[in-house]
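Peer 1: Below is a structure I'd like to ask you about.
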Amino acid sequence: MTFVRRRLTQGELDMFVQAHVRFLEGRAGGRRAALKFLDLSSLDLSESLLDDADFTGSSLEGARLAGARLERAVLFGCDLRGADLTGATLRRADLRGACLRGANLTQADLAQADFREGVLAIPHATKGLSAVKNEKMVGIADGARFAGAVLDGSRLDGVSAHKADFTDCSMRGARLNGANLKDADLSGALMDGADVGGANLAGARLRGAVLTDVAMEAARLDRTDMTGALRTPDAAMIARAETLLESLKDAMAWAESGGVLGQPAVLDGEDMRSLGDRLRGFRLPAISAAGACFVGMDLRDAGFQGANLTGADLRCADLRGADLRGARLTGALLSKADLGGASLTPLPLSKTRSMPASLARAELRYASLEACDLTGADLNGADLAGADLTLAIVTAEQLSNARVDRVKGLPAGSVAA
């Protein structure tokens, strides 16, 4: 752009933010922040409450917006190059035509945000809005970091995100039609139902990505690495669902009868996704499901006491309230799983013996462990980067050999790796 933006000082910007907070809270003196076509580069808006604020055409290059609340905010045509938006909330934000080159959006919530091309009416340098120039703005996110971010239902049609980092993102139902994702890293991304028609995925990494109901045929896939990617369950998997369910019912009968009826289930390596939410509340103690796939499943209040879930794929699974006492989750994949209120305490075997739960070397990146009881659990070598441990029962000693950078709610004495 060729027009000159008026520069705001940090003090002036703070006054706008304070008035906007009063506006949102319905207090006297409140006024919606209208910060259009201004120079806000390198200023600090960290943790600010800016829902519905209007930043149309402004420069926020290098600005600090970590943890800011920007729901439904208008960032149309903004320059956000190199901005820090770590953990920011941008649900339903208007980012059409914005430049996010090199920006950090790690763990940001961008659900239903709009990144598409837009046309910006640029005011004349001297005549202002009486003489405007319409300029087409293409969404740019080249080299941006979206690791662990939520992009569910977002509109990224036509966006350029060359070499961008989307590792462990949730991109369910996102629209990426015609997007340039050349050499981008989408390893571990949850892309159920995403539209990638016409997208350029040449050289992109989709290792371990979840591609359920994603039509890849119309995308450019030269040199695309899809090693270990999960596709839609085929007819054979769907047909096997009833057989698996019968085995699990038999295992539950074994648990409820004290071992008189049925037998424990052995489902090592099975793909359980076709069962949907039918395992919610099941009691499955001593089940062996090493290496099994439970991605995205509803397992709330399920009983997995003493279960062998070594190497199981439980990414994005809902395990709230689950009984995992004594469960072996060594090397399990639990990125973005919700273990809120779950119990991973030792399982009593006799008056003098118990079996501790193991999460050794498990991947728990961006997982929610809020109010989870981890008493005695083995977390040696676990990757908890970006996880939420708020109100979790866990000691600093348990986390001494775990990766805990960007973890929320760390106990006193913990040191980020």
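Peer 1: Determine if segment 17-39 includes at least one residue that is more than 25 Å from residue 112 (Cβ to Cβ), part of a loop (DSSP other than H, G, I, E, B), small (Gly, Ala, Ser) and within 25 Å of the chain's Cα centre (by Cα).
Peer 2: no
Peer 1: Here is a follow-up. Given the residues 255, 286, 251, 312, which is the only one that is among the hydrophobic types (A, V, I, L, M, F, W, C), closer than 30 Å to residue 371 by Cβ and at pLDDT 95 or above?
Peer 2: Testing whether each residue is among the hydrophobic types (A, V, I, L, M, F, W, C), closer than 30 Å to residue 371 by Cβ and at pLDDT 95 or above leaves just 312.
Peer 1: State whether one or more residues within segment 321-332 are hydrophobic (A, V, I, L, M, F, W, C) and not in a loop (DSSP other than H, G, I, E, B).
Peer 2: For segment 321-332, residues hydrophobic (A, V, I, L, M, F, W, C) and not in a loop (DSSP other than H, G, I, E, B): absent.
Peer 1: Could you tell me whether segment 2-19 includes any residue that is surrounded by fewer than 17 Cβ atoms within 10 Å (Cβ to Cβ) and of a type in the set (Phe, Trp, Tyr)?
Peer 2: yes
Peer 1: Out of all the residues in segment 217-243, which are under 22 Å from residue 333 (Cβ atoms), surrounded by 12 or more Cβ atoms within 10 Å (Cβ to Cβ) and either among the hydrophobic types (A, V, I, L, M, F, W, C) or modelled with pLDDT under 95 (or both)?
Peer 2: Residues satisfying the conditions are 226, 228, 229, 230, 231, 232, 233, 237, 240, 241.
Peer 1: Among the residues of segment 365-417 satisfying the criterion of being β-branched (Val, Ile, Thr) and in a loop (DSSP other than H, G, I, E, B), which is surrounded by the fewest Cβ atoms within 10 Å (Cβ to Cβ)?
Peer 2: Looking at residues that are β-branched (Val, Ile, Thr) and in a loop (DSSP other than H, G, I, E, B), I get 415.
The values are calculated or read from the model by the stated rules, or taken from the named source; none is laboratory data. Quick caveat: nothing in here was measured; it's all calculated off a predicted structure. With ideal geometry, Cβ positions are generated from the backbone for all residues, glycine too; neighbour counts draw on all protein chains shown.
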